[in-house]
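**Student:** Dumping the structure here so I can ask a few things about it.
The values are calculated or read from the model by the stated rules, or taken from the named source; none is laboratory data. Nothing here was measured: the structure is a model prediction, and the numbers come from that model. Cβ atoms come from the backbone with ideal geometry, glycine included; neighbour counts cover every protein chain shown. These area figures cover heavy atoms from the full protein model, side chains too; ligands, DNA and RNA do not enter into them. Shrake-Rupley method; radii C 1.70, N 1.55, O 1.52, S 1.80 Å.
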Number of protein chains: 2
Amino acid sequence: MSTQKNISLIGSGLVGSLLAIILAKRNHRVNIYERRPDMRKNTGVAGRSINLALSDRGWKALDAVGIGDEIRKIAIPMYGRYIHNMDGSTAYQAYGKENQAIYSVSRGGINCKLMDLAEQQSNVKIHFDERCDVVDLKTNTAVFENTITKKKKSIQSDLIISSDGAFSAGRLAIQLNTDRFNYQQYYIDCGYKELTIPAGENGSFLIEKNALHIWPRGKFMMIALPNFDGSFTCTLFFPFEGEHSFDALKERSAVLPFFKTYFADAVALMPTLLDDFMNNPTSSLVTVKCFPWTISDKLALIGDAAHAIVPFFGQGMNCGFEDCTVFNQLLDEYKEDWEKVFKAYEISRKPDSDAIADLAIGNFVEMRDLVGQPKFLLQKKIEANFSNKHPEKWITAYSMVTFSPEIRYSVALRKGKEQQAIMDEVMALPDIEKKWDSPEIESLILSKL
Amino acid sequence: MSTQKNISLIGSGLVGSLLAIILAKRNHRVNIYERRPDMRKNTGVAGRSINLALSDRGWKALDAVGIGDEIRKIAIPMYGRYIHNMDGSTAYQAYGKENQAIYSVSRGGINCKLMDLAEQQSNVKIHFDERCDVVDLKTNTAVFENTITKKKKSIQSDLIISSDGAFSAGRLAIQLNTDRFNYQQYYIDCGYKELTIPAGENGSFLIEKNALHIWPRGKFMMIALPNFDGSFTCTLFFPFEGEHSFDALKERSAVLPFFKTYFADAVALMPTLLDDFMNNPTSSLVTVKCFPWTISDKLALIGDAAHAIVPFFGQGMNCGFEDCTVFNQLLDEYKEDWEKVFKAYEISRKPDSDAIADLAIGNFVEMRDLVGQPKFLLQKKIEANFSNKHPEKWITAYSMVTFSPEIRYSVALRKGKEQQAIMDEVMALPDIEKKWDSPEIESLILSKL
């Protein structure tokens with residue numbers, strides 16, 4: 001069965017580049033067509049500078065093709081959340097057990113590295129500045145327009161895989177060729193803007209290096225992730241409209257007073273804050289769900305093209321990489337019978353990508369609001385305490401999603417809901433603050449499981 | 001404030017025609033542009049022949065503009081569900097109290113009547129065969145292409161209201177003019193096909209006239225609604241794929257054996273069944289949710305254009321008519337300040353249309369599966385019993401939706417879920433079959449409320 005295929009990938013983003021490596025190692029010929037210029041040649045337009053949190057599902061996919069160690073060189077471990085409260089006090093919550101961490105990587109940095117690694121495969125070629133115009137499924141042809149020369153070319157291939165993000169050209173082709181295409185795009189009321197905390201003297205880190213910093217403020221929040229040069233990339237997640245919103249900070253004069261009120265400790269470390277705020281774009285946050293993801297053995301969607309999610313669980317990239325893991329496993333299982341692989345892939349991944357989409361929306365509330373509340377911190381302490389005593393009986397939803405790639409997202413969502421129902425009962429007990437680590441609470445939780 | 005507006009309506013369907021009457025009575029000038037030919041001149045293409053169930057929300061809207069009695073002339077009351085079981089036995093469930101009914105109307109019939117009534121207003125004109133091509137919000141202009149002459153014309157008006165159904169041209173205009181447009185289209189796995197039970201001799205009804213007939217078969221069902229001429233319009237709701245599905249009945253020879261097995265009593269009354277099944281189209285069932293529905297004081301969506309739902313609660317038309325009721329009330333409340341009316345309208349109606357969409361999906365399970373199960377019938381009996389004794393404490397979700405237009409759909413959905421949680425407990429009691437009407441059960445329910 002294992003015959004070499006001529007495969008077109010649309011998009012050389014994170015998932016497209018990783019998939020190209022996987023397919024190349026399976027001896028297929030891969031051509032990637034990327035809309036943007038080669039970001040490695042011009043760091044000024046290196047995609048969005050946002051940082052991403054790489055965790056175990058991502059590492060699993062990278063290690064499976066032997067490139068994990070290459071990526072570890074550009075990743076900074078973050079062992080917990082570092083909470084910055086309004087009153088200047090701080091708190092720290094470990095993400096997991098000792099040495100469990102999520103890893104800060106720059107989106108541009110890891111993307112460049114993955115493209116390098118892809119091009120090291122002799123049977124991968126990346127074509128830049130090629131925007132996908134239309135996909136014709138009758139002839140297995142994709143038409144690309146060169147964004148510089150404006151010349152169009154038709155590329156015929158054995159199969160097409162569309163890894164071109166939330167506004168995918170491949171998805172449109174499926175939509176136009178499917179009688180009953182289920183589709184959802186959902187924008188949350190918040191957008192985001194990137195800001196920066198520069199490095200201190202000699203590239204020193206001005207706040208704790210090995211943590212993800214959060215300034216939770218109820219309806220909005222700022223976060224900061226470390227970069228290798230000592231700087232932090234900050235992201236303000238903020239309503240578009242309302243009392244505290246991008247809309248309310250249109251005037252230059254309104255910006256600093258707002259930040260000084262809500263992010264006093266950070267402002268002191270952000271000398272370019274005002275210009276950054278006025279000049280950097282405001283971006284929106286969309287969840288995209290759709291189905292089907294594939295058409296016979298002709299076309300498949302992968303990554304954000306199939307399931308764009310909001311960033312609050314740090315799983316967008318990890319979920320896309322896990323798509324690659326599953327895809328690779330199914331190619332083994334079905335001995336590269338592509339039609340069967342495509343079908344099994346979409347059926348397997350759909351419930352899990354739906355689950356992480358919902359978990360990510362839910363985590364926004366947790367990050368911007370709950371992590372700043374004593375009751376929530378107590379609940380996390382009780383859960384950690386119980387989990388330490390009965391590690392086989394209680395893995396938190398966060399841990400399942402982040403550190404347990406053997407547990408499917410859909411299982412993590414379901415078990416997380418069951419755990420929350422138990423914790424709702426526990427937290428409603430009178431005097432829970434006093435008896436939180438008592439045998440009574442331990443037996444109560446045990447009895448509910 | 002109340003100055004005459006020049007209003008373009010896209011679509012002279014049920015909701016568009018009713019809205020035209022409302023706006024005309026408020027002294028506005030209304031031009032309706034309808035894609036299809038005038039269905040009153042050519043009954044052969046009178047839209048879909050499907051029957052609809054008109055209930056209290058619909059009547060309220062019709063009576064408010066004084067046309068309820070005109071429509072009553074073409075409506076047949078159905079006082080309950082008439083269940084046809086596999087074994088040939090039947091059962092009857094009243095929809096509500098004595099004299100509470102839903103009303104069978106032919107979609108084409110009521111639409112023709114509403115267009116007649118609209119045109120009786122001197123300030124309403126309907127233009128047929130005019131397909132909306134594009135809406136330009138900068139100039140308040142809609143472009144229509146005549147489907148016969150192929151000539152295009154640009155119509156400028158003070159405001160545009162799009163009542164053009166699930167695949168609305170006006171909605172596309174909002175989508176293209178809104179930064180963050182939330183949109184969902186969801187197809188269920190079942191489609192439908194219309195069949196018929198003709199009248200008996202002298203226009204007699206061959207099955208009970210004043211009921212909605214259901215043949216529940218678990219994963220599929222057939223229903224039948226009465227027509228004035230003694231016939232019944234039957235609809236088979238059936239999976240597209242699987243063991244019992246449209247896919248599995250592609251061969252002419254497979255159709256009658258299937259029907260004889262699952263709908264034996266009906267087949268005997270359906271002489272044209274085989275030809276109807278082979279010749280009539282198979283249609284799909286989509287739920288559409290979106291937001292926003294309006295752009296400043298320029299454009300608004302109404303009816304299916306804003307919120308298409310599946311037909312299993314019999315509320316698609318009723319919900320669209322209730323849109324008109326709310327719209328009319330808001331025009332009073334805001335003294336025809338259109339921007340405020342549009343904004344208040346979409347904010348008021350969005351949660352209710354979302355709720356009825358979810359209720360309608362849920363009712364499919366009830367109709368095709370649960371109504372055939374003894375346990376479900378017992379639950380309905382307990383609820384009816386309790387509701388009779390404590391009418392102020394328990395109105396069933398069905399009753400709230402169908403017979404209580406003063407209760408919002410969103411409230412009906414929430415209260416229905418609360419009631420279901422109570423009934424889940426009640427039905428789990430041992431020996432519930434024996435003590436279903438005991439004081440013990442009554443007090444238990446009272447204690448939970």
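**Student:** By a straight-distance test (C-alpha under 16 Å), which lysines pair with A:K97 as possible cross-link partners, with residues fewer than eight away in the same chain excluded?
**Tutor:** Result set, ordered by chain and number: A:K380, A:K381, A:K389, A:K393.
**Student:** Continuing with the same structure: Just the number, please: Stokes-Einstein D of segment A:189-284 in µm²/s, Kirkwood Rh from C-alpha pairs, 10 °C, 1.306 mPa s.
**Tutor:** Numbers: Rh = 13.6 Å.
This corresponds to a translational diffusion coefficient of 117 µm²/s.
**Student:** For B:S122 and A:N279, what is the calculated FRET efficiency with R₀ set at 60 Å and r taken between the beta-carbons, to the nearest 0.05? Before the final figure, lay out each step's value.
**Tutor:** Numbers: r = 58 Å, r/R0 = 0.97.
With a Förster radius of 60 Å, E is 0.55.
**Student:** Per residue, how much accessible area does segment A:189-284 have with a 1.4 Å probe, in Å²?
**Tutor:** On the way: 4210 Å² over 96 residues.
On a per-residue basis, 44 Å².
**Student:** From the label point of A:P198, set 7 Å from Cα along Cα→Cβ, how far away are the matching label points in the other copies, in nm, ordered shortest to longest?
**Tutor:** 8.9
**Student:** If you don't mind, another one. With no solvent and one equal point scatterer placed on each C-alpha of segment A:127-171, evaluate the Debye formula and give log10 I(q)/I(0) for q = 0.15, 0.25, 0.33, 0.34 Å⁻¹, two decimals.
**Tutor:** Result of the Debye calculation: -0.36, -0.94, -1.26, -1.28.
**Student:** If you don't mind, there's one more thing I want to ask. If you take the accessible area of A alone plus B alone and subtract the pair, what total do you get in square angstrom, rounded to 100, with a 1.4 Å probe?
**Tutor:** Numbers: alone 19960 and 19990 Å², together 38760 Å².
So the buried area, both faces added, is about 1200 Å².
**Student:** Just list whichever of B:K25/B:K73; A:K125/A:K335; A:K260/B:K350; A:K289/A:K415; A:K375/B:K289 have alpha carbons separated by over 27 Å in the model shown. Working shown, then result.
**Tutor:** Details: B:K25/B:K73 22 Å; A:K125/A:K335 25 Å; A:K260/B:K350 38 Å; A:K289/A:K415 22 Å; A:K375/B:K289 36 Å.
Going by Cα-Cα distance, A:K260/B:K350; A:K375/B:K289 fall outside the 27 Å limit.
**Student:** With a probe of 1.4 Å, find how much accessible area segment A:373-448 has per residue, and write the answer as a whole number in Å². Can you show the working numbers first?
**Tutor:** Working: 4060 Å² over 76 residues.
Averaged over the residues of segment A:373-448, the accessible area is 53 Å².
**Student:** If each of A:D229 and A:K417 carries a label point 7 Å out from its Cα toward its Cβ, how far apart are those two points in nm?
**Tutor:** 4.6 nm
**Student:** Let me ask something else about it. How much of the DSSP bridge set in the protein assembly as shown is antiparallel, in percent, rounded to the nearest 5?
**Tutor:** On the way: 105 of 143 bridges.
Approximately 75 percent, going by the DSSP bridge assignments.
**Student:** Write down, largest first, the equivalent ellipsoid semi-axes of chain A in whole Å, where each equals the square root of 5 times an eigenvalue of the alpha-carbon gyration tensor. Display every interim value, and only then the final one.
**Tutor:** Working: eigenvalues 289, 156, 80 Å².
In descending order the semi-axes read 38, 28, 20 Å.
**Student:** Divide the volume of the convex hull of the Cα atoms of segment A:21-118 by its number of residues and quote the answer in cubic angstrom per residue.
**Tutor:** On the way: hull volume 12.8 nm³, N = 98.
For segment A:21-118, the hull spanned by Cα atoms encloses 130 Å³ per residue.
**Student:** Next question, about the same structure. Nearest beta-carbon of A to the rotation axis carrying it onto B: which residue, how many whole Å?
**Tutor:** A:Q184, 2
**Student:** Roll a 1.4 angstrom probe over the protein heavy atoms and tell me the percent of accessible area of the protein assembly as shown that is carbon or sulfur.
**Tutor:** Details: 19450 of 38760 Å².
Here it works out to 50 percent.
**Student:** Continuing with the same structure: For segment B:327-423, report the translational diffusion coefficient in µm²/s to the nearest whole number, using Stokes-Einstein at 37 °C, 0.692 mPa s, and a Kirkwood Rh over Cα pairs.
**Tutor:** On the way: Rh = 15.3 Å.
Answer from the Stokes-Einstein relation: 215 µm²/s.
**Student:** For the residue pair A:K381 and B:L446, what label-to-label distance in nm results when each label sits 7 Å from Cα along the Cα-to-beta-carbon direction?
**Tutor:** 4.5 nm
**Student:** Quick one: if you stick a label point 7 Å off each Cα along the C-beta vector at A:N388 and A:D424, how many nm between them?
**Tutor:** Result: 2.8 nm between the two label points.
**Student:** Pull up the DSSP beta bridges for chain A and report the antiparallel fraction as a percent, rounded to 5. If you can, show how the numbers build up before the last one.
**Tutor:** Numbers: 51 of 70 bridges.
Once the DSSP bridges in chain A are tallied, antiparallel ones form about 75 percent.
**Student:** Something else now. Would you mind listing the distances between the B:D38 label point and the same position in each other copy? Use 7 Å along Cα-to-C-beta, nm, one decimal, shortest first.
**Tutor:** 6.8
**Student:** Mean Kyte-Doolittle of at least 0.5 and a Cα length of 20 Å or more along the axis: which whole DSSP H helices of chain A meet both?
**Tutor:** Helices meeting the span and hydropathy rule in chain A: none at all.
**Student:** Could you state the principal axis extents of the C-alpha atoms in segment A:109-201, from the largest down, to the nearest angstrom?
**Tutor:** 60, 42, 26
**Student:** Going 7 Å from the Cα of A:T3 in the Cα-to-Cβ direction, what parts of segment A:289-331 have a backbone nitrogen less than 16 Å from that spot?
**Tutor:** A:297-298
**Student:** Over segment A:138-288, calculate the relative contact order: mean separation of alpha carbon pairs under 8 Å at least 6 apart, over the residue count, as a percent. If you can, show how the numbers build up before the last one.
**Tutor:** On the way: 205 pairs, mean separation 37.8, N = 151.
Here the relative contact order equals 25 percent.
**Student:** Nm distances between the label at B:A268 and the same-position labels in the remaining copies, 7 Å along Cα→Cβ, shortest first?
**Tutor:** 9.0
**Student:** So what's the net charge close to B:P405: Lys and Arg +1, Asp and Glu -1, counting the other residues with Cβ under 13 Å from its Cβ?
**Tutor:** -3
**Student:** Considering every residue in B:173-181, what mean count of other chain Cβ atoms within 10 Å of its Cβ is obtained?
**Tutor:** On the way: counts 0, 0, 1, 0, 0, 1, 4, 10, 4.
For peptide B:173-181, the averaged partner shielding equals 2.
**Student:** Using helices alone, I'd like the mean residue ellipticity at 222 nm for chain B: each DSSP H run of four-plus residues gives -39500 (n - 2.57), total over residue count, nearest 500.
**Tutor:** Numbers: 15 runs with 174 residues, N = 449.
So the calculated ellipticity at 222 nm is -12000 deg cm²/dmol.
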